[in-house]
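The values are calculated or read from the model by the stated rules, or taken from the named source; none is laboratory data. Model, not experiment: these values are computed from the prediction. Glycine also receives a Cβ, built like all others from the backbone with ideal geometry; neighbour counts cover every protein chain displayed.
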Amino acid sequence: MSRIVFLLLMLIPIVTIGNEIIPQHIRTSTLSGTLYSTHFYQGGAMTSDDFVQPLPLANFQLWVVKLNEQDSIPEVLFSFTSDENGKFRVQLPPGKYGFVTSEDIGNLEKGQCFPKNSQSGDLAEMTILTWECNMALPLELDVAWIENIVITYHSRSYCNLCP
(Lines give C-alpha, C1' and ligand atoms only; values in the text may rest on other atoms or scores of the structure.)
Protein backbone atom coordinates (compact mmCIF):
# COMPACT_ATOMS: atom_id res chain seq x y z
CA MET A 1 0.00 0.00 0.00
CA SER A 2 2.78 2.46 0.88
CA ARG A 3 4.40 1.80 -2.50
CA ILE A 4 1.18 2.73 -4.30
CA VAL A 5 0.89 5.98 -2.32
CA PHE A 6 4.55 6.74 -3.03
CA LEU A 7 4.10 6.11 -6.76
CA LEU A 8 0.98 8.30 -6.85
CA LEU A 9 2.82 11.12 -5.09
CA MET A 10 5.63 10.87 -7.65
CA LEU A 11 3.11 11.54 -10.44
CA ILE A 12 1.87 14.82 -8.88
CA PRO A 13 4.11 17.86 -9.51
CA ILE A 14 5.01 19.45 -6.18
CA VAL A 15 6.35 22.71 -4.84
CA THR A 16 8.09 23.17 -1.53
CA ILE A 17 7.61 26.18 0.71
CA GLY A 18 10.02 26.00 3.59
CA ASN A 19 9.55 22.49 4.96
CA GLU A 20 6.02 22.16 3.58
CA ILE A 21 5.37 20.19 0.39
CA ILE A 22 2.41 21.43 -1.65
CA PRO A 23 1.03 19.59 -4.71
CA GLN A 24 1.12 21.87 -7.77
CA HIS A 25 -2.58 21.38 -8.55
CA ILE A 26 -3.51 23.14 -5.28
CA ARG A 27 -0.89 25.92 -5.35
CA THR A 28 -2.45 29.30 -4.75
CA SER A 29 -1.45 32.77 -3.67
CA THR A 30 -3.49 34.79 -1.24
CA LEU A 31 -3.99 38.49 -1.86
CA SER A 32 -5.40 40.65 0.89
CA GLY A 33 -5.83 44.34 1.35
CA THR A 34 -8.19 47.24 1.79
CA LEU A 35 -10.30 49.35 -0.52
CA TYR A 36 -10.57 53.05 0.33
CA SER A 37 -12.40 55.99 -1.16
CA THR A 38 -12.05 59.74 -1.02
CA HIS A 39 -14.78 62.17 -2.06
CA PHE A 40 -14.28 65.85 -2.49
CA TYR A 41 -16.32 68.74 -3.81
CA GLN A 42 -14.93 72.21 -4.18
CA GLY A 43 -16.15 75.44 -5.59
CA GLY A 44 -13.24 77.36 -7.04
CA ALA A 45 -9.65 76.26 -7.52
CA MET A 46 -8.34 73.31 -5.51
CA THR A 47 -5.41 73.75 -3.13
CA SER A 48 -3.14 71.14 -1.56
CA ASP A 49 -4.97 71.63 1.79
CA ASP A 50 -8.23 70.42 0.23
CA PHE A 51 -7.36 66.70 0.04
CA VAL A 52 -9.35 64.48 2.40
CA GLN A 53 -8.50 61.36 4.39
CA PRO A 54 -9.42 58.05 2.75
CA LEU A 55 -12.34 56.11 4.25
CA PRO A 56 -12.89 52.34 3.92
CA LEU A 57 -14.86 51.49 0.78
CA ALA A 58 -17.38 49.03 2.21
CA ASN A 59 -19.29 46.44 0.16
CA PHE A 60 -17.66 47.44 -3.13
CA GLN A 61 -17.30 44.93 -5.96
CA LEU A 62 -14.13 44.55 -8.01
CA TRP A 63 -13.37 41.96 -10.67
CA VAL A 64 -10.13 39.97 -10.89
CA VAL A 65 -8.59 39.84 -14.37
CA LYS A 66 -5.74 37.63 -15.54
CA LEU A 67 -3.21 38.83 -18.09
CA ASN A 68 -2.10 35.91 -20.21
CA GLU A 69 -0.02 38.12 -22.49
CA GLN A 70 0.77 41.83 -22.14
CA ASP A 71 -0.67 42.66 -25.56
CA SER A 72 -3.93 40.73 -25.16
CA ILE A 73 -7.32 41.50 -23.62
CA PRO A 74 -7.29 40.27 -19.99
CA GLU A 75 -9.47 37.34 -18.98
CA VAL A 76 -12.19 38.22 -16.45
CA LEU A 77 -12.14 35.55 -13.73
CA PHE A 78 -14.50 36.45 -10.88
CA SER A 79 -15.63 39.27 -8.64
CA PHE A 80 -15.20 39.87 -4.94
CA THR A 81 -16.82 42.35 -2.58
CA SER A 82 -15.04 44.18 0.22
CA ASP A 83 -16.41 43.76 3.73
CA GLU A 84 -17.86 46.54 5.93
CA ASN A 85 -14.29 47.73 6.70
CA GLY A 86 -13.18 47.73 3.06
CA LYS A 87 -11.10 44.54 3.57
CA PHE A 88 -10.80 41.83 0.94
CA ARG A 89 -9.00 38.52 0.47
CA VAL A 90 -8.78 36.37 -2.67
CA GLN A 91 -6.87 33.23 -3.61
CA LEU A 92 -5.39 32.76 -7.08
CA PRO A 93 -3.08 30.31 -8.83
CA PRO A 94 0.28 31.62 -10.11
CA GLY A 95 -0.01 34.22 -12.87
CA LYS A 96 -0.34 37.95 -13.59
CA TYR A 97 -3.44 39.65 -12.20
CA GLY A 98 -5.19 42.96 -11.85
CA PHE A 99 -8.52 44.44 -10.83
CA VAL A 100 -11.27 46.23 -12.76
CA THR A 101 -14.79 47.49 -12.08
CA SER A 102 -17.98 46.21 -13.67
CA GLU A 103 -18.00 49.37 -15.84
CA ASP A 104 -14.65 48.29 -17.34
CA ILE A 105 -15.67 44.74 -18.25
CA GLY A 106 -17.54 45.59 -21.45
CA ASN A 107 -14.61 47.50 -22.94
CA LEU A 108 -11.38 46.08 -21.54
CA GLU A 109 -8.25 47.20 -23.35
CA LYS A 110 -5.14 45.17 -24.13
CA GLY A 111 -3.01 44.79 -21.02
CA GLN A 112 -5.55 46.54 -18.76
CA CYS A 113 -5.05 45.55 -15.13
CA PHE A 114 -6.71 48.42 -13.24
CA PRO A 115 -9.93 50.45 -13.46
CA LYS A 116 -9.94 53.27 -15.99
CA ASN A 117 -9.91 56.85 -14.78
CA SER A 118 -12.63 59.11 -16.13
CA GLN A 119 -13.58 62.75 -16.39
CA SER A 120 -16.94 64.30 -17.19
CA GLY A 121 -18.25 67.83 -17.47
CA ASP A 122 -16.47 70.90 -18.75
CA LEU A 123 -14.20 73.60 -17.37
CA ALA A 124 -17.13 75.20 -15.52
CA GLU A 125 -18.09 72.03 -13.62
CA MET A 126 -16.30 68.73 -13.82
CA THR A 127 -16.03 65.40 -12.04
CA ILE A 128 -12.81 63.40 -12.07
CA LEU A 129 -12.76 59.75 -10.98
CA THR A 130 -9.34 58.15 -10.45
CA TRP A 131 -7.91 54.95 -8.98
CA GLU A 132 -4.56 54.26 -7.36
CA CYS A 133 -2.79 51.21 -5.91
CA ASN A 134 0.19 51.03 -3.58
CA MET A 135 1.71 48.14 -5.60
CA ALA A 136 2.85 47.85 -9.19
CA LEU A 137 0.30 46.17 -11.42
CA PRO A 138 -0.14 43.60 -12.79
CA LEU A 139 0.63 41.59 -9.68
CA GLU A 140 2.90 38.66 -10.54
CA LEU A 141 1.95 35.79 -8.27
CA ASP A 142 3.70 32.63 -7.35
CA VAL A 143 3.04 30.66 -4.20
CA ALA A 144 3.05 33.44 -1.61
CA TRP A 145 0.97 35.86 0.42
CA ILE A 146 0.65 39.41 -0.78
CA GLU A 147 -0.79 41.48 2.00
CA ASN A 148 -1.63 45.13 2.55
CA ILE A 149 -2.69 45.92 -0.99
CA VAL A 150 -4.29 49.35 -0.83
CA ILE A 151 -6.61 50.37 -3.65
CA THR A 152 -8.09 53.86 -3.42
CA TYR A 153 -10.96 55.32 -5.44
CA HIS A 154 -10.94 59.13 -5.65
CA SER A 155 -14.01 61.12 -6.63
CA ARG A 156 -13.48 64.85 -7.14
CA SER A 157 -16.03 67.42 -8.26
CA TYR A 158 -15.09 71.00 -9.10
CA CYS A 159 -17.04 74.13 -9.82
CA ASN A 160 -14.51 76.49 -11.35
CA LEU A 161 -17.06 79.29 -11.74
CA CYS A 162 -17.96 79.22 -8.04
CA PRO A 163 -16.26 81.71 -5.69
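Hey, any hits in segment 88-102 for a residue that's under 16 Å from Thr38 (Cα atoms) and either out of contact with any helix residue (DSSP H, G or I) (no Cβ under 6 Å at 6 or more places or on another chain) or at pLDDT 90 or above (or both)?
no
Output the number of the condition that Thr130 fails; it satisfies all remaining conditions of (1) under 13 Å from the mean Cα position of the chain (by Cα); (2) in a strand (DSSP E or B).
Here Thr130 clears every test but (1).
Quick check on segment 83-100. Is at least one of its residues outside any strand (DSSP E or B), without any contact (Cβ under 8 Å) to a residue 12 or more places away in the chain and acidic (Asp, Glu)?
no
Considering only residues that are more than 29 Å from Leu31 (Cβ to Cβ) and of a type in the set (A, V, I, L, M), look in segment 119-146 and name the one that is surrounded by the most Cβ atoms within 10 Å (Cβ to Cβ).
Residue satisfying both the conditions and the ranking: Met126.
May I ask you to verify whether Val64 is at pLDDT 90 or above, more than 12 Å from Thr34 (Cα to Cα) and either in contact with a strand residue (DSSP E or B) (Cβ under 9 Å, 6 or more places away or on another chain) or assigned to a strand (DSSP E or B) (or both)?
Answer is yes for this residue.
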